[in-house]
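Written below as structure tokens is the structure these notes are about.
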Amino acid sequence: MPSATITVFVNRFEGFLYRHLERRLAQQIRKFLHRSYGLDLPKIVIEQPPRVELGEYALPLAFELAKKLRKPPRKIAEEIVAGIGPIDDFERLELAGAGYINARVKREQLASALSADERPKAEVPRGKVLVEHSSINPNKAAHIGHLRNAILGDTFVRLLRFAGREVDIQNYIDNTGVQVADVIVGFLHLEKKSRAEIEALTRLPRFDYFCWDLYAQVSRWYEQDKQNRDARVQVLHALEEGGNETAAIADLISLAVLRRHLETMDRLDIEYDFLPRESEILHLHFWDAAFAKLKDAGVLSFETEGKNKGCWVMRRGKVIPKEAENTEVAEEDQKVIVRSNGTVGYVGKDIAYHLWKFGLLGRDFGYRKFYRYPNGHDCWISTTNGDPNHPHFGDVAEIYNVIDARQAEAQNTVVEALRGLGYNEQADHYTHFSYEMVALTPRCAAELGYELSEEDKARSYIEVSGRKGFGVKADDLIDTLIASAKKEVDSRHPQLSEEERMTIATQIAVGALRYFMLKFTKPSVIAFDFKEALSFEGETGPYAQYAVVRASNIFRKGGFDPDTFAGDVASYVSTDDFEKYLNGADGNEIWELWLASSKTSYVIDQCIATTEPAYLAKHVFQLAQLFNTFYHRHPILAEPDESRKRFLLATVAVVRRELTRALAVMGIAVPAAM
RNA sequence: GGCCCCGUAGCUCAGUUGGAUAGAGCAGCGGUUUCCUAAACCGUUGGUCGGCGGUUCGACUCCGCCCGGGGCCUCCA
């Protein structure tokens with residue numbers, strides 16, 4: 001096909017789909033207001049009418065203009081409707097209610113564009129995006145709180161990639177901190193294990209579970225006698241120094257636990273590209289480089305008096321203007337970055353890490369391959385002397401840190417440090433992707449066998465605590481979900497092989513879990529409860545998966561391949577057919593399904609702009625719900641009218657495609673049967 | 001004490017830039033399977049949107065105060 005023809009074809013359809021029509025409508029309105037009233041509104045509010053019969057877009061514009069133009073809203077709306085003239089791909093504007101202007105699109109146009117899967121080119125911002133998520137301390141098994149983090153992070157990555165962005169996924173490994181030190185203390189002082197014995201233990205299929213219990217034990221041991229904490233201080237010292245027996249043991253343990261975390265997350269189709277470790281931040285002297293910059297820029301100051309005497313501190317809160325030279329900062333407003341013993345705290349290392357992320361540090365990690373996923377993708381880890389032949393990490397344009405809301409202040413400190421260094425551009429592209437924690441309901445805690453105080457029983461939720469060994473381990477939850485799904489699949493599909501049934505059960509389990517973690521908006525604390533998390537009915541992942549499976553079943557039983565059909569709808573359904581079946585009272589109901597299908601990319605844009613994946617979960621559910629209603633009402637294969645049958649099949653094909661696509665962005669696969 | 005988050009149906013939650021009659025799932029009650037159809041569908045019960053005041057033509061949404069719940073404010077990470 002000559003390229004000129006392709007260009008014409010693309011231009012013909014460019015501008016379709018929900019968000020593009022919205023933009024076009026706004027432009028026309030803006031032009032009209034300028035032309036007729038000499039008004040230039042900064043924002044044209046466009047919303048969706050409560051019912052599809054009223055149109056596809058609603059403008060409450062006239063209410064806003066009533067005072068400005070000294071006319072009743074209805075009058076203004078009338079003038080706009082009468083005066084605006086034709087708009088491409090819109091049927092007409094209508095006056096409604098007390099002064100709403102509703103816009104109707106040409107349904108058959110939108111439907112044929114959607115069925116042809118026209119996706120207008122979006123302007124993709126330049127530069128790579130870095131998403132940091134998971135970042136679980138490598139000293140114990142991952143729990144449900146980590147699952148929320150990883151699922152949010154992974155879904156956000158998929159959203160960005162859907163929008164055409166290039167994304168690096170990093171998982172920061174704090175392998176030299178207190179938590180790892182504690183578990184080492186457990187192995188050395190409580191278990192009294194040698195390095196060889198520990199090495200043997202790391203080969204346990206769930207070594208992270210062993211550490212989970214040991215970590216809780218160590219915490220209790222510290223409580224028994226404050227002196228026991230000296231062991232931790234010694235271990236921490238050895239880790240910071242490196243190159244000794246304790247550090248070797250720490251490496252053994254943290255890498256083994258890390259490997260387990262990667263396996264756990266891989267069960268949910270969550271992968272990482274690079275694992276930067278704190279040990280390299282220390283040993284490759286990232287901090288020294290960052291420290292020098294921070295001192296030069298005056299971001300850090302050395303305290304010679306008071307409670308922070310001997311520390312390098314940063315001001316907290318608003319940056320004080322340069323003119324205010326003599327401003328003494330209250331001790332409470334100082335953030336200690338370097339302790340009086342010369343060691344650097346967590347935030348300091350984080351500042352160095354973030355300078356590296358933006359390519360501002362002037363140093364780089366060493367890299368080696370650490371983990372190969374079954375699909376062949378390699379995950380790299382930091383090291384001191386690495387493989388020179390490595391991909392380029394860091395040096396990105398934008399970063400998103402998926403970290404829970406409790407660390408908001410530490411995140412702000414890092415951003416302030418960037419600003420203090422004059423990196424405002426980078427600070428503006430630093431997003432703390434903040435979300436609330438996962439807690440347990442008292443009932444759930446009781447089910448798990450924890451003793452609850454009267455006070456705890458009265459709470460609406462209780463915080464998970466790795467230190468106390470209080471929580472639901474990620475693998476346990478996944479196992480339970482798979483077992484539960486497997487039981488159902490076994491009874492529904494006894495004719496399938498064990499392997500097939502297991503695959504389906506796993507997909508359902510993952511769908512249920514990922515959907516569960518995504519359906520809550522980020523600021524909402526999830527009060528975890530097995531009954532809800534294990535549900536496969538109602539607003540759940542399996543509900544949406546089931547809708548797609550039903551759609552596929554229609555094609556299978558009808559002897560069509562759904563993807564082939566979806567790829568060639570135009571030869572089965574004409575624009576005239578779309579016009580015939582999508583209009584009128586009868587058409588409204590099915591049109592609602594088409595309209596919802598057209599909104600997927602629009603919703604994805606909103607998810608990115610607001611860093612809120614929950615909108616996509618909501619969209620998927622609504623689409624599945626509309627489809628189920630449609631499915632129940634229209635026996636498609638039994639439809640006697642051939643052209644109507646083809647139209648109904650086109651409807652199924654498009655919904656199936658959009659739902660599958662949206663689920664994939666949520667990391668949810670569609671089973672072959674359910 | 002300072003800062004942040006939450007408070008919407010019995011329970012768990014949506015409600016985006018203020019807009020048309022406040023929605024969904026679960027639970028409850030009553031129905032629907034020789035079908036592409038029950039992990040589903042239909043119907044039904046259930047609300048002083050924590051309270052008071054303010055801004056606005058219009059407030060669940062914005063502002064102020066108060067009440068209740070949670071979190072953060074360590075030379076922890």
Can you find a residue in the range A:505-517 that is at pLDDT 95 or above, part of a helix (DSSP H, G or I), closer than 29 Å to A:Val180 by Cα and touching a His at 6+ places or on another chain (Cβ under 7 Å)? no
Considering (1) buried (at least 23 other Cβ atoms within 10 Å of the Cβ); (2) in contact with a helix residue (DSSP H, G or I) (Cβ under 8 Å, 6 or more places away or on another chain); (3) among the hydrophobic types (A, V, I, L, M, F, W, C), say which one A:Val157 fails and leave the rest. (2)
Report yes if A:Val569 is under 25 Å from the mean Cα position of the chain (by Cα) and either surrounded by 19 or more Cβ atoms within 10 Å (Cβ to Cβ) or more than 19 Å from A:Leu268 (Cβ to Cβ) (or both), otherwise no. no
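Yes/no per residue for (1) more than 8 Å from RNA strand B (Cβ to nearest atom); (2) closer than 30 Å to A:Gln109 by Cβ; (3) assigned to a helix (DSSP H, G or I); (4) of a type in the set (Val, Ile, Thr):
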| site | (1), (2), (3), (4) |
| --- | --- |
| A:Ile482 | yes, no, yes, yes |
| A:Lys487 | yes, no, yes, no |
| A:Ser524 | no, no, no, no |
| A:Gly538 | no, no, no, no |
Residues of the range A:91-103 being away from RNA strand B (no atom under 11 Å from the Cβ) and either polar (S, T, N, Q) or in contact with a helix residue (DSSP H, G or I) (Cβ under 7 Å, 6 or more places away or on another chain) (or both), in sequence order, are A:Leu93
Step by step: first the residues of the range A:451-505, then only those that are under 24 Å from A:Tyr215 (Cβ atoms) and aliphatic (A, V, I, L, M), then the one that is surrounded by the most Cβ atoms within 10 Å (Cβ to Cβ). Which residue is that? A:Ala474
Return yes when A:Thr564 is more than 9 Å from RNA strand B (Cβ to nearest atom), part of a helix (DSSP H, G or I) and without any contact (Cβ under 8 Å) to a residue 24 or more places away in the chain and no when it is not. yes
Could you list, in sequence order, all residues of the range A:234-262 that are surrounded by fewer than 19 Cβ atoms within 10 Å (Cβ to Cβ) and among the polar types (S, T, N, Q)? A:Gln234, A:Asn244
Just checking, does the range A:388-402 include any residue being more than 18 Å from A:Leu160 (Cβ to Cβ) and within 16 Å of RNA strand B (Cβ to nearest atom)? no
Within the range A:217-228, is there a residue that is within 37 Å of the chain's Cα centre (by Cα), assigned to a loop (DSSP other than H, G, I, E, B) and within 16 Å of RNA strand B (Cβ to nearest atom)? no
Of all residues in the range A:618-674, which are within 16 Å of A:Glu592 (Cα to Cα) and among the acidic types (Asp, Glu)? A:Glu658
Cβ-Cβ under 7 Å, sequence separation 6+ or interchain: first residue in the range A:534-549 and within 22 Å of A:Asp563 (Cβ to Cβ), partner within 7 Å of RNA strand B (Cβ to nearest atom) and assigned to a helix (DSSP H, G or I). Which pairs? A:Ala544/A:Phe621; A:Gln545/A:Ile508; A:Ala547/A:Asn628
When the range A:46-55 is examined, which residues are found to be within 7 Å of RNA strand B (Cβ to nearest atom) and in a helix (DSSP H, G or I)? A:Leu54
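Okay, residues lined up against (1) more than 8 Å from RNA strand B (Cβ to nearest atom); (2) crowded, with 17+ Cβ neighbours inside 10 Å; (3) under 21 Å from A:Ser574 (Cα atoms); (4) in contact (Cβ under 8 Å) with a residue 60 or more places away in the chain:
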site: A:Glu642; (1), (2), (3), (4): yes, no, yes, no
site: A:Phe647; (1), (2), (3), (4): yes, yes, yes, yes
site: A:Ala662; (1), (2), (3), (4): yes, yes, no, yes
site: A:Met666; (1), (2), (3), (4): yes, yes, no, yes
For the range A:578-607, which positions are closer than 30 Å to A:His429 by Cβ, surrounded by fewer than 19 Cβ atoms within 10 Å (Cβ to Cβ) and out of contact with any Phe, Trp or Tyr (no Cβ under 7 Å at 6 or more places or on another chain)? A:Asp605
Just checking, how many residues over the range A:56-72 are part of a helix (DSSP H, G or I) and more than 9 Å from RNA strand B (Cβ to nearest atom)? 2
Filtering the range A:413-428 down to residues that are in contact (Cβ under 8 Å) with a residue 24 or more places away in the chain and surrounded by fewer than 17 Cβ atoms within 10 Å (Cβ to Cβ) yields A:Arg419, A:Gly422
Selected residue (only one of A:Asp475, A:Asp456 is assigned to a helix (DSSP H, G or I) and within 18 Å of A:Gly511 (Cβ to Cβ)): A:Asp475
From A:Asn139, A:Asn149, residue being at pLDDT 95 or above, in a loop (DSSP other than H, G, I, E, B), within 16 Å of RNA strand B (Cβ to nearest atom) and crowded, with 17+ Cβ neighbours inside 10 Å: A:Asn139
Reported set for the range A:97-119 where residues are on the phi < 0 side of the Ramachandran plot, buried (at least 16 other Cβ atoms within 10 Å of the Cβ) and over 35 Å from the mean Cα position of the chain (by Cα) is A:Tyr100, A:Ile101
Checking A:Arg165, A:Arg158 in turn, the sole residue that is within 28 Å of A:Ala614 (Cβ to Cβ) and part of a loop (DSSP other than H, G, I, E, B) turns out to be A:Arg165
Counting only strands (runs of 3 or more DSSP E) wholly inside the range A:331-443, the ones holding at least 1 residues that are closer than 15 Å to A:His285 by Cα are A:334-338, A:366-372, A:378-383
What do you reckon, is A:Ser552 hydroxyl-bearing (Ser, Thr, Tyr), over 25 Å from A:Gly471 (Cα atoms), modelled with pLDDT of 95 or more and more than 8 Å from RNA strand B (Cβ to nearest atom)? yes
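The values are calculated or read from the model by the stated rules, or taken from the named source; none is laboratory data. Only a predicted model underlies this, so the values are computations on that prediction, with no experimental measurement involved. Using ideal geometry, Cβ is built from the backbone for each residue, glycine included, and neighbour counts are taken over all protein chains shown.
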